[in-house]
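The values are calculated or read from the model by the stated rules, or taken from the named source; none is laboratory data. Worth saying up front: this structure is predicted, and the values here are computed from it rather than measured. Areas reflect the complete protein model, heavy atoms only, side chains present, ligands, DNA and RNA absent. Shrake-Rupley method; radii C 1.70, N 1.55, O 1.52, S 1.80 Å.
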Amino acid sequence: MIRRRGENISSYEVEQALARHPVVHTVAGYAGKPVLAEDEVVDMIVLRPDCTVSYQELLQHCARRLHYVPVARVM
């Protein structure tokens, strides 16, 4: 579990939702530690060879599978 803005977020659930996208090969979620704030949910995604996907498409994909989608920055 990752605590973010007073809510517990299951990194496993987020990983599983992302892993169901057809272009995602591997995903790993963890808690990022900002300097002056609570944990942030961070997911590192490896795509299948020769595939691309937009950040918006991944958000929409997760929104259909998760009850809450934390929107964050793309790095």
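Across the range 38-49, rounded Karplus estimates of 3J(HN,Hα) from the backbone phi angles (6.51 cos²θ - 1.76 cosθ + 1.60, θ = phi - 60°) give 6, 4, 10, 7, 10, 10, 9, 10, 10, 8, 5, x Hz, Gly and Pro being marked x.
How much accessible area per residue does the chain have, in Å², with a 1.4 Å probe?
Per residue, the chain has an accessible area of 72 Å².
Pairwise Cα distances in the chain exceed 15 Å in 54 percent of cases.
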